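Colleague: Quick one: this structure, given as structure tokens, is what I'll be asking you about.
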């Protein structure tokens, strides 16, 4: 009986890692897409977070997107290129009650801005 409980807990832990990695990858791809979209010549920077959240909501769920806070900024890298950076923070729901309610998530996507 004890072995079956341990096997179930281990299975849930592996499943939690898989869900976390999947959501992190989806949010990273969304942040990169939002940065690429805002880096286009005629697109304002303020549209990047909305585009990012739309990609995340389409790929996972609206609840996951609602749990994220995304911001966009322009940065200049050491070579002088202007980069659009989208940063998303939030949490991923846990499957195991002992791990708390949310696992923290912090990702960044960057793209080189086109000349205007």
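The values are calculated or read from the model by the stated rules, or taken from the named source; none is laboratory data. Given the structure is predicted, the values throughout are model-derived calculations rather than measurements. Positions of Cβ are generated from backbone atoms using ideal geometry, with glycine treated the same way; all protein chains shown enter the neighbour counts.
Colleague: Within the stretch 97-107, is there a residue that is in a strand (DSSP E or B) and at pLDDT 95 or above?
Modeller: So far as the stretch 97-107 goes, yes, one or more of its residues are in a strand (DSSP E or B) and at pLDDT 95 or above.
Colleague: Let me ask something else about it. Going through the stretch 51-91 one residue at a time, which ones are part of a helix (DSSP H, G or I) and surrounded by 14 or more Cβ atoms within 10 Å (Cβ to Cβ)?
Modeller: 51, 52, 53, 54, 55, 56, 57, 59, 64, 65, listed by residue number.
Colleague: Determine the pairs where a residue that is without any contact (Cβ under 8 Å) to a residue 60 or more places away in the chain and at negative phi, located within the stretch 68-84, has a partner that is loosely packed, with under 12 Cβ neighbours inside 10 Å and not in a strand (DSSP E or B) with Cβ atoms under 6 Å apart, the partner being 6 or more residues away or on another chain.
Modeller: Listed pairs, sorted by first residue: 83/77.
Colleague: Taking the stretch 1-46 as the search range and keeping residues that are outside any helix (DSSP H, G or I) and surrounded by 10 or more Cβ atoms within 10 Å (Cβ to Cβ), which one is nearest to the chain's Cα centre (by Cα)?
Modeller: Taking the candidates together, the pick is 39.
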